[in-house]
Amino acid sequence: MEEIKKKEATVEKEAQKTAAKEKPAEAKAEKADKKKLRETEAALAAKEAELAKATEALAACEDKYMRMMAEYDNFRKRSAKEKEAVWADAYGDCIANLLPILDNLERASGSDNFEAVKKGLELTAKAFSEALDRMGVSEVETKTFDPNLHNAVMHVEDDSYGESEIVEVYQKGYAKGDRVIRYAMVKVAN
């Protein structure tokens, strides 16, 4: 029996030694797990802080974008109103320049005196030319044929005229700056 007790004591000592050896390993593993947990929690906290910063930056960008879109929409509406106002002002100015001419024509139509009507029409034509000048409209020059300014409706062979010389003007042409409003209708020689 003593042998059995010795064997039991030996087994028990070995078990204790093994347990003693396992405890530090378990403790080390537990420490390592705790360390990894703390590192993971720290990394998570850092990522959460990064996410919060990114969320704030996104909110700021969205706010900036919405403000810019509102400003653009206001600019577009204001530009459309200004464009309409410019057209209305231009038409108003044009009509204001032409109304005195209409008044003169109405006065002439009520007159029985032929000479007075003739003189009134001459003055009205002069007033109309002045109104066109005020609006920046000028008569197209009609000496030499230019297809960009003239519309040739007839052609005549005559040696007394030069090449592409305008012989007769059927209808005057008008331009405002470089833009032709109405092409002059002309007869061209040679």
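Readers should treat all values here as calculations from the given coordinates under stated rules, not as data from a laboratory. Predicted model only: the values in this text are computed from it and were never measured. Cβ atoms come from the backbone with ideal geometry, glycine included; neighbour counts cover every protein chain shown.
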Helix axis angle, 114-134 relative to the chain longest principal axis, alpha carbon, degrees: 30
Suppose R0 equals 25 Å. What FRET efficiency, 1/(1 + (r/R0)^6) with r the Cβ-Cβ distance, do F128 and A152 give to the nearest 0.05? 0.45
For the chain, what is the charge dipole size about the Cα centre, in debye to the nearest 20, if Lys and Arg each add +1 at the Cβ and Asp and Glu each add -1 at the Cβ? 2000
List I166, I181 from most exposed to least, where exposure is judged by having the fewest other Cβ atoms within 10 Å. I181, I166
Return the ratio Rg/(2.2 N^0.38 Å) for the chain, where Rg is computed over Cα atoms only. 3.13
Relative to the first principal axis of the alpha-carbon coordinates of the chain, what is the inclination of helix 2-109, with its axis defined by its Cα atoms, in degrees from 0 to 90 and to the nearest 10? 10
Other residues with Cβ under 14 Å from the Cβ of T55 give, with Lys and Arg +1 and Asp and Glu -1, a net charge of -3
Compactness of the stretch 138-190 as Cα Rg over 2.2 N^0.38 Å, two decimals: 1.09
